[in-house]
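K.L.:
Here it is, the structure in full.
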Amino acid sequence: KVNAGRDDMFVAKIAAGSVQWATYFGGTGDDFAGAITVDSAGSAYVAGWTSSANLPLKNAFQTNYRSGNFSNQQYDGAVLRLAPGGDSVVFSSYLGGTGEDKFYGITLDRSNSILLAGSTTSPDYPNASNAFGSSRPELFDGTAVKLSPDTSINLIGANPGSLTLTAQSTDTRPLTASIALTSTTGSVTFSATASAPWLRVDPVSG
């Protein structure tokens, strides 16, 4: 892709003294690569940080830019995997809370789970234990994150991701809406439950 912001990430493969491939990655904000690792197939995994609210996402496990403070240059963490030829993105995602989040390290374990290291000021970091709790939001905590192997990321997707229905007391027929579920790895089993007695899900499994 072309350079889309003031600073974009770039990733390049160099072998035998020549550039095999190179690519930009980023949105219209500032995007920085903090670390890279490569698996046995030649796929490149990149971790960094971004202020782009329109980061190019694919199979993302966090689809929204949560820092939301472009004017003060706060960042969300970003992680992506490139195909071995560097010509396509296997997955890319935000990862962070409402503060500032950055990744400086990335590696793979023996099961190809993705391990990330970085820093955050977010009090609501996703799935965090011993989460940041200081009353001074300018202070950073270190972060360590383990992601499932990317074949499992976004195993089931929903479109749309959320629904808002508005009803009046005079309505006599139920409001209906549909959500399409997709799987990135073929057929899977799902189940769904309703969170209120006036809400019905159909089908509840499949």
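K.L.:
Hey, any hits in segment 147-162 for a residue that's modelled with pLDDT of 85 or more, part of a loop (DSSP other than H, G, I, E, B) and surrounded by 10 or more Cβ atoms within 10 Å (Cβ to Cβ)? Talk me through it step by step, then tell me what you get.
P.N.:
Here is the first cut: in segment 147-162, the residues modelled with pLDDT of 85 or more are 147.
Retained after the next criterion (residues that are part of a loop (DSSP other than H, G, I, E, B)): none.
For segment 147-162, residues modelled with pLDDT of 85 or more, part of a loop (DSSP other than H, G, I, E, B) and surrounded by 10 or more Cβ atoms within 10 Å (Cβ to Cβ): absent.
K.L.:
Please work out which one of (1) modelled with pLDDT of 95 or more; (2) farther than 28 Å from ASN159 by Cα; (3) not hydroxyl-bearing (Ser, Thr, Tyr) is the condition TRP49 fails and give its number.
P.N.:
TRP49 satisfies all of (1) modelled with pLDDT of 95 or more; (2) farther than 28 Å from ASN159 by Cα; (3) not hydroxyl-bearing (Ser, Thr, Tyr) except (2).
K.L.:
Would you check which residues across segment 10-40 are assigned to a loop (DSSP other than H, G, I, E, B) and either without any contact (Cβ under 8 Å) to a residue 24 or more places away in the chain or open to solvent by 90 Å² or more (accessible area, probe 1.4 Å) (or both) and list them? Explain how you work it out, then say what you get.
P.N.:
Here is the first cut: in segment 10-40, the residues assigned to a loop (DSSP other than H, G, I, E, B) are 16-17, 26-29, 39-40.
Scanning segment 10-40 gives ALA16, GLY17, SER40.
The values are calculated or read from the model by the stated rules, or taken from the named source; none is laboratory data. In this text the structure is predicted, and so the values were computed from the model without any measurement. Positions of Cβ are backbone-derived with ideal geometry, glycine not excepted, and every protein chain shown enters the neighbour counts. Just the protein is used for accessible areas: all its heavy atoms, side chains included, with ligands, DNA and RNA removed. Shrake-Rupley method; radii C 1.70, N 1.55, O 1.52, S 1.80 Å.
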